[in-house]
1. For segment B:491-505, what are the residues that are modelled with pLDDT under 95 and open to solvent by 20 Å² or more (accessible area, probe 1.4 Å)?
2. Exactly one of (1) touching a residue at least 40 places away in the same chain (Cβ under 8 Å); (2) touching a helix residue (DSSP H, G or I) at 6+ places or on another chain (Cβ under 8 Å); (3) open to solvent by 10 Å² or more (accessible area, probe 1.4 Å) is unmet by A:Lys234. Its number?
3. Just checking, how many residues over segment B:107-133 are surrounded by 14 or more Cβ atoms within 10 Å (Cβ to Cβ) and either touching a strand residue (DSSP E or B) at 6+ places or on another chain (Cβ under 6 Å) or closer than 25 Å to B:Glu9 by Cβ (or both)?
4. Looking only at segment B:459-473, count how many residues are open to solvent by 30 Å² or more (accessible area, probe 1.4 Å), in a loop (DSSP other than H, G, I, E, B) and either at pLDDT 95 or above or within 14 Å of chain A (Cβ to nearest Cβ) (or both).
5. Taking the residues in segment B:338-350 that are hydrophobic (A, V, I, L, M, F, W, C) and assigned to a helix (DSSP H, G or I) as candidates, determine which candidate is surrounded by the fewest Cβ atoms within 10 Å (Cβ to Cβ).
6. Among the residues of segment A:139-184 satisfying the criterion of being in contact (Cβ under 8 Å) with a residue 24 or more places away in the chain and assigned to a loop (DSSP other than H, G, I, E, B), which is farthest from the other protein chains (Cβ to nearest Cβ)?
7. I'd like to verify a number: residues in segment B:433-450 that are under 14 Å from B:Val363 (Cβ atoms), among the small types (Gly, Ala, Ser) and not in a helix (DSSP H, G or I), how many?
8. When segment B:136-157 is examined, which residues are found to be touching a Lys or Arg at 6+ places or on another chain (Cβ under 8 Å) and either open to solvent by 60 Å² or more (accessible area, probe 1.4 Å) or not hydroxyl-bearing (Ser, Thr, Tyr) (or both)?
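The values are calculated or read from the model by the stated rules, or taken from the named source; none is laboratory data. Since this is a predicted model, take the numbers as computed values, not measurements. As a convention, Cβ positions derive from the backbone with ideal geometry for all residues, glycine included, and neighbour counts pool all protein chains shown. Heads up: the accessible areas ignore ligands, DNA and RNA and are worked out on the full protein's heavy atoms, side chains in. Shrake-Rupley method; radii C 1.70, N 1.55, O 1.52, S 1.80 Å.
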Protein chains: 2
Amino acid sequence: MLQTAPAAEVSAWLEGFADALASGDPDAVLGHFADECYWRDIVAFTWNVKTMEGKAEIRDFLAATFARTSPSAFALREASGQPGSVEGWFDFETATGRGTGIFRLQGSRCRTILTTQQELKGHEEPAGHTRRMGVRHGADRNRRTWTELRAQEDAELGTTTQPYVLIIGGGQGGIMLGARLKQLGVPFVIAEKNAKAGDSWRNRYRTLVLHDPVWYDHLPYIPFPANWPVFTPKDKMGDWLEMYVKVMELSYWASTEAVKASYDPAGKRWTVEMIRDGRPVTLKPAHLVFATGAYGPPRLIDFPGAGDFAGEILHSSHYAEGARYKGKRVAVIGAASSAHDVCVDLWEAGADVTMVQRSPTTVVRSETLMEFAFDIYSENAVADGIDVDRADLIAAATPFALQPEAQRRLYDRIRAHDAEFYKRLEASGFLLDFGDDETGLMMKAYRTGSGYYVDVGASELIIAGEIKVKAGAAIERLTPTGIRFADDTEIAADVIIQSTGFQSMHENVAKIVDRATADAVGPCWGLGSGMRNDPGPWQGELRNMYKPTAQEALWFHGGNLALSRFFSKFLALQLKARMEAIPTPVYRSPA
Amino acid sequence: MLQTAPAAEVSAWLEGFADALASGDPDAVLGHFADECYWRDIVAFTWNVKTMEGKAEIRDFLAATFARTSPSAFALREASGQPGSVEGWFDFETATGRGTGIFRLQGSRCRTILTTQQELKGHEEPAGHTRRMGVRHGADRNRRTWTELRAQEDAELGTTTQPYVLIIGGGQGGIMLGARLKQLGVPFVIAEKNAKAGDSWRNRYRTLVLHDPVWYDHLPYIPFPANWPVFTPKDKMGDWLEMYVKVMELSYWASTEAVKASYDPAGKRWTVEMIRDGRPVTLKPAHLVFATGAYGPPRLIDFPGAGDFAGEILHSSHYAEGARYKGKRVAVIGAASSAHDVCVDLWEAGADVTMVQRSPTTVVRSETLMEFAFDIYSENAVADGIDVDRADLIAAATPFALQPEAQRRLYDRIRAHDAEFYKRLEASGFLLDFGDDETGLMMKAYRTGSGYYVDVGASELIIAGEIKVKAGAAIERLTPTGIRFADDTEIAADVIIQSTGFQSMHENVAKIVDRATADAVGPCWGLGSGMRNDPGPWQGELRNMYKPTAQEALWFHGGNLALSRFFSKFLALQLKARMEAIPTPVYRSPA
């Protein structure tokens, strides 16, 4: 993948850039940037996740952050690309940490630069040469073995000692964040309402399989082995998470729910009332992280007439087993990923299924997505030396502002490639779209986290009429026997499954902290693109995710496996810095 | 570590060698070998683990094997070394498989060559590009999920289907062999008497920690992560094995013992009576593998007067917890690894400890061993691109016959480095040796599996007199109050712990199959060096390990983590070939 490197061009730019920074003259620095330019910083200079767009924003950012962060020791690690479009990977230091970045040149000037914090000086993760010994050789009558120390730590945590961080939610996001904190020596508790790590996957419907391929899904520290299947079945994923919690020695409280949390800004501690194994426990963490999934609570719509409906109504997140719906007429309201999966599962179980599509859906065939969109997360990439950490940095180096343009080109290719498939799908009555600006699945995922489906089989059933589609008419009300639409049609149903998505994660804050805090923090996720369900103003980054929020000591972590993996590192570094009382002045703090 | 490669010299040799092989003329082939020469073959040509020593043995080997294996496609992978002492890594094919080897030249001729089978054509392990999909996309009313298929397979195995291989013993050796078989699609059952995978480690004494460093201990497919401690505590090792069994999806029958096994040479099946969870089960595997540890049953010596002794007598393998011996006088009979560990554990618990040393022990300080002997299994090696698979091949490329010479040089350096330490240790009365031929720990390990200690703390306690040593006099008998020696001295003891090692693994065959089969197979382990406890004739390889034995369809697997890891691959390939009815004529079969 990497081309013969135009090292001279790239190292000349980096040298000039570093000299300009050292001079302290913002104009000198800006002279190294193209007119249209972007600087994405993840924690290194901003103690925030922030993209500065254009020279004016970069000038302001330089003025605010550079004196206090003292960047230095810029060193080119490698260069790649072709003349006119080259890329440099570099390392650098700040007063408190070490970082890695990527810049991309347009001619001889920088169009985009990414800077990321990789470690805190004096608080590096023990690994490789610095890994622990595991035993203190010699004789010691007061020796505590590894097992004894672990048991003692477990017994004390939450009673005589307090976690520095409480992570609410022990799915993949909470687990990965916990793993990072563990390495950094930050005491934490992960609170999970299910009985076992991995149950958040196990409890879903029987045919669930990850839609993203294995190369995109690795957890940090212990990658999936080379024999791992491309698409991980849900129970296998559950087992992997369970073993990961155990061998990474995470402080994981299963069967535990956070009930009520309040923050004391003077004492800088939360008070969190919890129920653990049926018994009340109060924790006093310095920081509270919501890692309750990419989304908040299920969104159950209270349709007019719902009380009249004689059958069962449930949300898709509570749908587990199709067998009991055999021979029944089931209406699935919704047309995104879960709706499609649930429809297939029902059809396979022998139900009579109708998908009620309320708005258009972006559909991409899995094989096509693998071929066109996962190029840096693939077996070929691995063979080319692009491991998952490298791929994550490559992906992060393109600012959100530039992604629609690239995604539009990608979807032009995808639509051309699968033109015949899309024609047949639309002929079935299914409402297809590629987003308001034709940018496809990934931008929908970032903007709203909904409205798309990676086709692993449902679309052909829709095309064949095996799964019926009712689209283009609003639901007027439920009747005793089904659903009545604004176009005066009605469908009969014994069961209605609402695959209507989830509320924003900040609704969990309203439940556990209070409404005022939730409102002050505002919604999570979304870029402020101004597209449907993603109101502006433009943010340039995901709202409230992985970075300081308007509520001191309150954080959000989540997203798919890839985002959780990548950002867990930076969120952990932000928490560690606070624990060590390293100054963390947040540039453009939301508070 | 690898030097600039003398590629021309090395590729010239390989070309000439390959041409000579192709010519079918043994003299032409032998012309490429030095007068003193060794060819170690692991499965590739011999379907055996065999070292041919000298030109006469190589000539015989060529005549017997080459026509039927049709070696071809020799290709140099890399070259290293300095002029006069160069090394080449190469790939090759046979009629049925693909292999990798290493040759080392003396001048322009070969002194040693290693050839190893790496895979069977048409039966490659699915991994990377060929990994399974994990799901069949599309809609299928008869869909069986991953979980359902696994459950069905588990339910059928041993009832409606039979394993091709039964592995007796579910410690590290059985588990690694199972993992290899799983990848090769060979149905197997691992039978383990403990309740959980990993218990073979958990059940040992509380302070047990691996004496080998992490770089030497990896399991295949899922290496320990970079944050894993250098020396793994026993319970942590237990947890890792337990998770490994689960995520590698091994057919692991815990709480299961093999009671009685007999072989039907006509039907080519074993009948094995087992007790699983208290209920009898009969399995009919085609092959039986004993993986019951590096050694056989504990060796309990019936000392004269044992019936008179008023206190407790136990074997060190049943010693778990020092606390109950606090304040007691404990005599530990034995002076190898377990004896030292048990003595320290007892001393730490506050017992009055005497080590009864019956023969001299090789002692090496752990730090020194790490620095001098584990150079290819170290963080530095990893940084130099020598991962564990590479290190294993490098280690395997030196035939056993040449190891004493290298080990003697190593121990000359170790003794010089730690001269002061050894002087103090001997001054305590402890009997120190470095083997009959001054070759140290590793050769003792291969020859007898006993008589050495990697010092992680006991030696300083011995030097300080905190652990007393009684050495140099035979035990005459036990008395009601202690042990009486041939030199007319006596020591008082409340408890006697026999750290007297283990019997050969073939004693387990006597127990489960019968004495005649055990005698026909003969002892396991040992090289036939003619040194103490390793009677000749010279074998050149470990007796009966990882290769066909005198009993058809009976195999032994075991050794430390490193040997189990390396040889599990080759044992699995031998079993897979038999399952696929690929001809496996064994060169110099023991039968």
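1. Matches in segment B:491-505: B:Gly501, B:Phe502, B:Gln503, B:Ser504.
2. So A:Lys234 meets the others, but not (1).
3. Here the count works out to 12.
4. Residues meeting the conditions: 3.
5. Checking each candidate, the answer is B:Trp347.
6. A:Gln162
7. Of the residues in that region, 3 qualify.
8. B:Arg136, B:Arg143, B:Trp146, B:Glu148, B:Gln152
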